[in-house]
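First comes the structure, then the notes that go with it.
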Amino acid sequence: EPEVTQTPSHQVTQMGQEVILRCVPISNHLYFYWYRQILGQKVEFLVSFYNNEISEKSEIFDDQFSVERPDGSNFTLKIRSTKLEDSAMYFCASTGETYGYTFGSGTRLTVV
Amino acid sequence: GDSVTQMEGPVTLSEEAFLTINCTYTATGYPSLFWYVQYPGEGLQLLLKATKADDKGSNKGFEATYRKETTSFHLEKGSVQVSDSAVYFCALWLSGAGSYQLTFGKGTKLSVIP
């Protein structure tokens, strides 16, 4: 069964540093997403991406966040200057023409 | 805005016990409703879904019925197994302007002991 792959599974970074979280969506899917889950809290939508541009974003997705699909297969989330409160599990997901979310296993980001 | 409320965990049950995890929602329209499961160290997997009122979603012995009158989508299983230990998330999707955004509840951790 096709999978969404996320790397790394765990990233530790110092406050103020830039991090890039990587995702390989399912190859024939058209919509790509990032969600995050702060420990003990709900899974929250960050951004959706379609046709090489952001189609929707939440208020969490401020100027320190950006997404990119640099090479037709990878889908990345960049956090420019990490803060302690960015520590969370970040999930990538993709969907095809018919509804069917497939999530990756997540990247746990720890900002110290 | 749209929201999902599910019962606080953790829930600890003995094997073969009956499981109910409550989920209620608030939405401006008629959402589709989902239960996702996250096993330790893994991603979010779709467990079951229902797209309209009175639909019953079922999978792996789990069931949930879309109740519009009570705005609920409670998850049930008649006899849980140790392998059901996971975190369960209730979610809704309200289509509109091409949005595929899911709104999640906080998750309920289930531990099943032998």
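Considering only residues of the stretch B:74-114 that are at the interface with chain A (Cβ under 10 Å from one of its Cβ atoms) and small (Gly, Ala, Ser), which is farthest from B:LEU46 (Cα to Cα)?
For the stretch B:74-114, the residue satisfying everything is B:ALA97.
Cβ-Cβ distance below 6 Å, separation of 6 or more or different chains: which pairs start in the stretch B:51-77 with a residue that is without any contact (Cβ under 8 Å) to a residue 12 or more places away in the chain and end on one that is assigned to a loop (DSSP other than H, G, I, E, B) and of a type outside the set (Lys, Arg)?
Correct list of pairs: B:ASP55/B:TYR66.
Have a look at B:GLY9, B:GLY29 and point out the one that is away from chain A (no Cβ under 14 Å), of a type in the set (Gly, Ala, Ser) and assigned to a loop (DSSP other than H, G, I, E, B).
B:GLY29
Take the conditions hydroxyl-bearing (Ser, Thr, Tyr), closer than 22 Å to B:SER111 by Cβ and within 14 Å of the chain's Cα centre (by Cα) and apply them to B:THR20. Does it pass?
Yes.
Which of the residues belonging to the stretch A:27-60 are surrounded by 12 or more Cβ atoms within 10 Å (Cβ to Cβ), within 19 Å of B:TYR36 (Cα to Cα) and of a type in the set (A, V, I, L, M, F, W, C)?
Answer for the stretch A:27-60, where residues must be surrounded by 12 or more Cβ atoms within 10 Å (Cβ to Cβ), within 19 Å of B:TYR36 (Cα to Cα) and of a type in the set (A, V, I, L, M, F, W, C): A:PHE32, A:TRP34, A:ILE38, A:VAL43, A:PHE45, A:LEU46.
Listed here are the residues, each with its yes/no results for (1) surrounded by fewer than 16 Cβ atoms within 10 Å (Cβ to Cβ); (2) over 24 Å from A:THR107 (Cβ atoms); (3) under 13 Å from the mean Cα position of the chain (by Cα).
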{"site": "B:GLN38", "(1), (2), (3)": "no, no, yes"}
{"site": "B:LEU44", "(1), (2), (3)": "no, no, yes"}
{"site": "B:ALA64", "(1), (2), (3)": "no, yes, yes"}
{"site": "B:GLU69", "(1), (2), (3)": "yes, yes, no"}
{"site": "B:LEU75", "(1), (2), (3)": "no, yes, yes"}
{"site": "B:ASP84", "(1), (2), (3)": "no, yes, no"}
{"site": "B:CYS90", "(1), (2), (3)": "no, no, yes"}
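Within the bounds of the stretch B:50-65, is there any residue that is under 18 Å from A:PHE45 (Cα atoms), within 14 Å of another protein chain (Cβ to nearest Cβ) and modelled with pLDDT under 95?
Within the stretch B:50-65 (the criterion being under 18 Å from A:PHE45 (Cα atoms), within 14 Å of another protein chain (Cβ to nearest Cβ) and modelled with pLDDT under 95), the answer is no, since none of the residues qualifies.
For the stretch A:2-31, what are the residues that are farther than 22 Å from B:VAL87 by Cα, within 12 Å of chain B (Cβ to nearest Cβ) and modelled with pLDDT under 95?
Scanning the stretch A:2-31 gives A:HIS29, A:LEU30, A:TYR31.
Looking only at the stretch A:58-96, how many residues end up being touching a residue at least 12 places away in the same chain (Cβ under 8 Å) and within 14 Å of chain B (Cβ to nearest Cβ)?
Matching residues across the stretch A:58-96 total 12.
The values are calculated or read from the model by the stated rules, or taken from the named source; none is laboratory data. Being a predicted model, the structure only gives us computed values, none of them experimental. Cβ atoms come from the backbone with ideal geometry, glycine included; neighbour counts cover every protein chain shown.
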